[in-house]
Structures are given as C-alpha cells and as structure tokens.
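> Pasting a structure here, questions to come.
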Amino acid sequence: MLGNVNYSTMPHILPFQRYTARYEKWFEDNPWVYRAELRAVQSLVPEGRYGVEIGIGTGRFAEPLGITIGVDPSSHMREVAHNKGIKVLDGVAENLPFKNSAFEFVLMVTTICFVDDINKSFEEALRILVKGGHLIIGLVDRTSPLGQMYHRHRESNVFYREATFYSVEEVLEVMKKTGFDDVSFRQTIFHDLSKITKQEPIKSGYGEGSFIVLRGTKQ
C-alpha cells in the first residue's frame, strides 16, 4: 500500500511507483541509447499536430517532442512530468479520460508491455484519434537480441518482471485488427547497449534493430 492506493492490485504500476528514481537513472546511464530511441520516435511523429502520450512516465519522450499532455497511472511519475510543464492525467490505456476524436496522434513508448489488455488499449487509442490520425508505438522487439536478453533476465528486473513482451508482428496484427493501416516502421539499437554511441543509425523497416517504432493510420 502506497498512500491511499492499493498498488498490490495493479502489479504493472507498482515498480514505477516505487522505483521512479531508478527509472530516471537508466536514461542518465544510457544517454546514447535514449537519444537513438528518441530520434527513431521523432522521425514518425507528425510535425505541428496535437498529440497525447499514453504511459507518459516522467516525460522523457513527451518533453523533447513538444507533447504537452499525457496519461499515467503512477502518481510519482506524473509528478516528475508535471514539473516539466506537462499536464498529466491519472488513467490507464484501456480507459482513457478523453472524448472521441480528441487528438491527431497517440504515442505509446515502451508502454504496451505493461498494459493489461493490448486490444482494448488500441481500441481506446482509435477512439480518441481523428480520422487519419496516427497511433505511434515504440517497443523493444521480443525477437531481437535486446528483447531476448530482457526476457531471459526479467525476474531480476523490477520493471520487466511483470511485463509482457511482444514481437513486431504481434503488434502489427493487433493494430490492423483494430483499424490501423498504412503502417510505417523505424528501427535502431543495432548493438549491445554498452556499445551504443551518438552515431547509432536510424533505419526504415524492422528485423535488425532491437528498438522498433510503428506508426499506423486510423482508417
């Protein structure tokens, strides 16, 4: 029990509530990994459009991308993002606190592995998007070297212990079933994390890199 909320009933949220500082430290310890992932995401975020980040965390992606509103179930994460000038609402991906057709894009970066229902999460994203709007997903591909390493060592990682890892093909299938098409891909992180430098490339497609970004369009 933390505060007045029983996080034991929400195991995906608990580590982010307890270990916010550890979460932040990962970005500080892996700056070139973070910047490569940010560049990959940025390459598919439409300029000049109004968007929201679901699972915004501490705002590590939203702030540099100019996203001013987000959703996160962890009050500790929300507080950090709020201090960066971002409006963050309490909520989960399966039940978003927004009206229909409210945004031109929805961003979810390393969020889907922590949701309870990926199908419902994508349906909610579809609901709050305008026609022609984009769902942008950033994830560590389960079939990649990094994804396999995270999966093997998940029990020793406070964040990934409760995670469900997905392959790109699995996410693509759910996106298309939900009503997203015209999917574009970017990939990065082609080396061990300790060997990533500021020159880490961003490529189209998937199947080589460990971090993949998908952008689908609402039909």
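> Could you identify the single residue in Arg127, Arg186 that is of a type in the set (Lys, Arg), under 15 Å from the mean Cα position of the chain (by Cα) and either at pLDDT 95 or above or not in a strand (DSSP E or B) (or both)?
Exactly one of Arg127, Arg186 is of a type in the set (Lys, Arg), under 15 Å from the mean Cα position of the chain (by Cα) and either at pLDDT 95 or above or not in a strand (DSSP E or B) (or both), namely Arg186.
> Return the residues of segment 167-219 that are β-branched (Val, Ile, Thr) and touching a helix residue (DSSP H, G or I) at 6+ places or on another chain (Cβ under 8 Å); say none if nothing qualifies.
Correct list: Val171, Val174, Thr178, Val183, Thr188, Ile189, Ile196, Thr197, Ile202, Ile212, Val213.
> Report whether or not Asp141 is of a type in the set (D, E, K, R), surrounded by 18 or more Cβ atoms within 10 Å (Cβ to Cβ) and within 23 Å of Phe180 (Cα to Cα).
So Asp141 passes the test.
> Residue by residue through segment 31-48, note down the ones that are at pLDDT below 95 and of a type outside the set (Gly, Ala, Ser).
The answer is Glu47, and nothing else.
> Could I ask something else about it? Modelled with pLDDT of 95 or more, within 16 Å of the chain's Cα centre (by Cα) and β-branched (Val, Ile, Thr): does that describe Ile13?
Answer is no for this residue.
> Sticking with this one: Kindly indicate whether Ala81 is buried (at least 20 other Cβ atoms within 10 Å of the Cβ), over 13 Å from Leu135 (Cβ atoms) and either in contact (Cβ under 8 Å) with a residue 12 or more places away in the chain or touching a helix residue (DSSP H, G or I) at 6+ places or on another chain (Cβ under 6 Å) (or both).
yes
The values are calculated or read from the model by the stated rules, or taken from the named source; none is laboratory data. These figures come from a predicted structure and were not determined experimentally. Quick reminder, even Gly has a Cβ in these numbers, built from the backbone with ideal geometry, and neighbours come from all protein chains shown.
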